[in-house]
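The values are calculated or read from the model by the stated rules, or taken from the named source; none is laboratory data. What you see is a predicted model; the values in this text were computed from it and never measured. Positions of Cβ are generated from backbone atoms using ideal geometry, with glycine treated the same way; all protein chains shown enter the neighbour counts.
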Amino acid sequence: MSDQSDSPRKPSTEPDIAAGSDRKGPAIVSRRWMLLKAGMALNGLVGLALAVPIVRYLLAPARKDSSYKSWISLGPADSFPMGETRLVSFRNPWTRPWDGETDNVAAYVRREGTSQFKVFAINCAHLGCPVRWFPQSQLFMCPCHGGVYYADGSRASGPPERGLFTYDYKIAGGLLQIDAGQMPSLSNTAKLVNISSPTNDGDCPCRG
Amino acid sequence: MPRLKRIYDWFEQRLQVEGPVKEAVLHKVPRNTASWWYVFGSAAFTLLMLQIVTGILLALVYVPSAAEAWNSLNILNHQVPLGWFLRAIHAWGSNFMVAVVFIHMAQVFLFGAYKFPRELTWTVGVFLLLMTLGMAFTGQVLRFDQDAYWGLGIGVFILSRVPWAGGALVHLLLGGPTIAGETLTRFFALHVFVIPGMLLFLVAVHVWMVLKLGINEWPMPGRLVRKETYIAEYNKLAHEDGIPFVPGAFWKDLIFSGAVLAAVAICAAVFGPSGPGGQPDPSITQTVPKPDFPFLWIYAVLSYLPPSMETPFIVLAPIAMVAGLLAVPFVAGEGEKSWHRRPIAVLALSMVAVSWAVFTHLAMLTPWSPHMNAWSGDTLPVEYLREATPLVRQGAVIFQAKQCRNCHSIGGHGGERGPTLDAVATRMTPDQMRYKVVTGGGNMPAYGKNLSPPEIEALVSFLETLHPKNEPPAFDASQQAAESSGAPAAGSGSRTP
């Protein structure tokens, strides 16, 4: 039994020394306890010095959304027929060599005028599942929980709190470009969105 | 065999483990704890060992790279001899482990085993449960297919709802802005190094406390736990009416663990491995993602939440659940252990079990998901269109072509998101149908912009025919009264022939 070896020694003064020097006066602080504390302090310092780069390494992916995004061309703006919605795919601008197919990103482009577009992320605003476009009924339907959106991206029915996410776009040199690179999510609009006023194209802070 | 004995002694002299092992093996446990109810903890441990062994074997082939993982799983399934079986054992072992851990927890709760002095054992157990679920989730991601991709996407959307820190948390979870190469490698590190390491450490702590504090005695109504007296009472019980843990209680553990392993092997052989499904290419939208079994209930709950509840619920519910579990031994650390005298505990457990089962069942049936191919694939029963006018037939075509069928079933086929329409004419008058189609409402989109007035007329005239032969269609009583009194109601004359 382990008790046998420990118990007779317990009443001795050793635990007191170990507990600290304050009560018994400085005379009892032996050299070896001093050195132990010095060793602990050294390890604490080095540990702290190591922790800083380690934590920074760990937190490296947590960057501003804008630093992940860049403008990507989706092809000539005129290749999108007026009044129709088309599925396009592009390579994500932020990549690693071993990303494989995960860099293929899809989006829906709706041309509303000569230079008016709406570019929707395929991710449902509820939980991110890929919505499908049905041109016959002019609806986007989500396969997960049945969220439905109208052609303009506004919420039609189902659990989503808001309309589809949109990408910022511009037309440069006849090419339709979008500001992409980030998986669209509610991260910047965790606050509740009023569903009675569906996506207002101008004020959504959480663009893809 | 003197030679064997000499070898044993040589090792024992250096290792000196005989004492502690004998103490652990032969320590006395109360006689009635040698019960089939006390076998789940050891079964969970056995399954953990199985998962570690099969996990290492799979790691011999699996490539934790977003570009190669899916291919390597297919090669495991189809080219590596018995690779499919190892994958199947690992997948089924995971299902069984989650189930057994939950059953173990339910049993411990029902038997009051979390009460003094075993509060910390319960606390550690709660973290073991969380880690088991963490292993199940990270494992689902390593099966890098479409379900894994979009399942993780759901995780991202849940995490993104955390106020303020949501965006940063998503980046940290994914190792970047999207689910891609660095996502898989960090889930691999979590699944293979981080969580198993913590699991093994906490299992050691958990088992250590079970050995030191003794197995919970069989609860007897009226035998109350008091902090002042419990330990003396327990020691007396174990001493006077106790049997050595081995073999008295241990044989049941052994047999149950063996049976569970056999069940895993049989399920693996019969049902095979899970996936991989389609390749993890997010530009493929023809997919119906669904999470693995342990998380199906969350998938169902998220479908039923009203939009205004989503964020508060998603952010607060997990915290509340874990806090509730952790609080159990500190709220009810003393008193009755027997379920005969703990009605609230029994009711709470039953309620949780029934809710879980119901939500899981609902998630498996997914009545809220549109059937994406119903409009083009499902046929209409012939008798619905027999002797139909051209207008009715055109309405039937519009019903299909405008994807109404994706949410509304007819003749037992089609989506179930909306009500089935086989007898819709008995519930709604044509005017009500017209109004509903144009304006939508509830869970139905408004079709006013997407259907021309002639199309709406055709559609409604088709819906009007949908009623059983012996049941007349619904009618507007006030309109009929107005018509019979000679004053034509507005709008009634335009349509009727």
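Computed quantities for the displayed model
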{"item": "Among residues of the range B:425-478, those that are farther than 26 Å from A:PRO159 by Cβ, polar (S, T, N, Q), in a helix (DSSP H, G or I) and at pLDDT 85 or above, counted", "result": "2"}
{"item": "Checklist (1) over 21 Å from the mean Cα position of the chain (by Cα); (2) modelled with pLDDT under 90 applied to B:ALA265, failing item", "result": "(2)"}
{"item": "Qualifying residue in the range A:23-40 (condition: modelled with pLDDT under 90, surrounded by 15 or more Cβ atoms within 10 Å (Cβ to Cβ) and either in the same structural domain as A:ILE178 (by TED's automatic domain parsing) or not hydroxyl-bearing (Ser, Thr, Tyr) (or both))", "result": "yes"}
{"item": "Residues being farther than 26 Å from B:GLY442 by Cα and either free of Cβ contacts under 8 Å to residues at least 40 places away in the same chain or over 17 Å from the mean Cα position of the chain (by Cα) (or both) - total across the range B:288-309", "result": "0"}
{"item": "Matching residues, the range A:128-149, being in contact with a strand residue (DSSP E or B) (Cβ under 6 Å, 6 or more places away or on another chain) and more than 7 Å from every other protein chain (Cβ to nearest Cβ)", "result": "A:VAL131, A:TRP133, A:PHE140, A:TYR149"}
{"item": "Unmet requirement for B:ASN443, which otherwise passes all of (1) within 10 Å of chain A (Cβ to nearest Cβ); (2) surrounded by fewer than 19 Cβ atoms within 10 Å (Cβ to Cβ); (3) without any contact (Cβ under 8 Å) to a residue 24 or more places away in the chain", "result": "(3)"}
{"item": "Residues (outside any helix (DSSP H, G or I) and facing chain B (nearest Cβ under 9 Å)) located in the range A:50-72", "result": "A:ALA60, A:PRO61, A:ALA62, A:ARG63, A:LYS64, A:LYS69"}
{"item": "Segments classed as helices (runs of 4 or more DSSP H), wholly inside the range B:331-413, with at least 2 members that are touching a Lys or Arg at 6+ places or on another chain (Cβ under 7 Å)", "result": "B:374-377"}
{"item": "Filter result (on the phi > 0 side of the Ramachandran plot and either at pLDDT 90 or above or within 14 Å of chain A (Cβ to nearest Cβ) (or both)) within the range B:391-424", "result": "B:GLN403, B:GLY414"}
{"item": "Scan of the range B:110-141 for residues that are small (Gly, Ala, Ser) and surrounded by fewer than 19 Cβ atoms within 10 Å (Cβ to Cβ), ordered by number", "result": "B:GLY134"}
{"item": "Qualifying residue in the range B:37-52 (condition: assigned to a helix (DSSP H, G or I) and under 30 Å from A:ASP99 (Cβ atoms))", "result": "yes"}
{"item": "Verdict on A:GLY83 being small (Gly, Ala, Ser) and surrounded by 15 or more Cβ atoms within 10 Å (Cβ to Cβ)", "result": "no"}
{"item": "Residue within the range B:336-345 that is surrounded by fewer than 19 Cβ atoms within 10 Å (Cβ to Cβ) and basic (Lys, Arg) present", "result": "yes"}
{"item": "Residue in the range A:73-102 that is farthest from the other protein chains (Cβ to nearest Cβ), counting only those that are assigned to a strand (DSSP E or B) and β-branched (Val, Ile, Thr)", "result": "A:THR85"}
{"item": "In the range A:90-100, residue farthest from B:ALA69 (Cα to Cα) [restricted to those that are free of Cβ contacts under 8 Å to residues at least 60 places away in the same chain and crowded, with 17+ Cβ neighbours inside 10 Å]", "result": "A:ARG96"}
{"item": "Residue among A:TYR57, A:TYR108 that alone is of a type in the set (Phe, Trp, Tyr) and buried (at least 19 other Cβ atoms within 10 Å of the Cβ)", "result": "A:TYR108"}
{"item": "Residue in the range B:73-87 that is at pLDDT 90 or above, within 14 Å of chain A (Cβ to nearest Cβ) and assigned to a helix (DSSP H, G or I) present", "result": "yes"}
{"item": "Some residue of the range B:293-301 being touching a helix residue (DSSP H, G or I) at 6+ places or on another chain (Cβ under 9 Å) and outside any helix (DSSP H, G or I)", "result": "no"}
{"item": "Qualifying residue in the range B:12-26 (condition: closer than 30 Å to B:ILE103 by Cβ, crowded, with 18+ Cβ neighbours inside 10 Å, touching a residue at least 12 places away in the same chain (Cβ under 8 Å) and touching a helix residue (DSSP H, G or I) at 6+ places or on another chain (Cβ under 8 Å))", "result": "no"}
{"item": "Candidates A:GLY181, A:GLY158, A:GLY173, filtered to the one that is facing chain B (nearest Cβ under 10 Å) and either farther than 16 Å from B:PRO282 by Cα or at pLDDT 90 or above (or both)", "result": "A:GLY158"}
{"item": "Subset tally (residues that are among the basic types (Lys, Arg) and closer than 23 Å to B:PHE127 by Cα) for the range B:328-347", "result": "1"}
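Quick grid of which residues meet (1) in a helix (DSSP H, G or I); (2) within 14 Å of chain A (Cβ to nearest Cβ); (3) closer than 30 Å to A:CYS124 by Cα:
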| position | (1), (2), (3) |
| --- | --- |
| B:VAL100 | yes, no, no |
| B:ALA113 | no, no, no |
| B:TRP122 | yes, no, no |
| B:PHE137 | yes, no, yes |
| B:VAL156 | yes, yes, yes |
| B:LEU169 | yes, yes, yes |
| B:LEU173 | yes, yes, yes |
| B:ILE179 | no, yes, yes |
| B:PHE188 | yes, yes, yes |
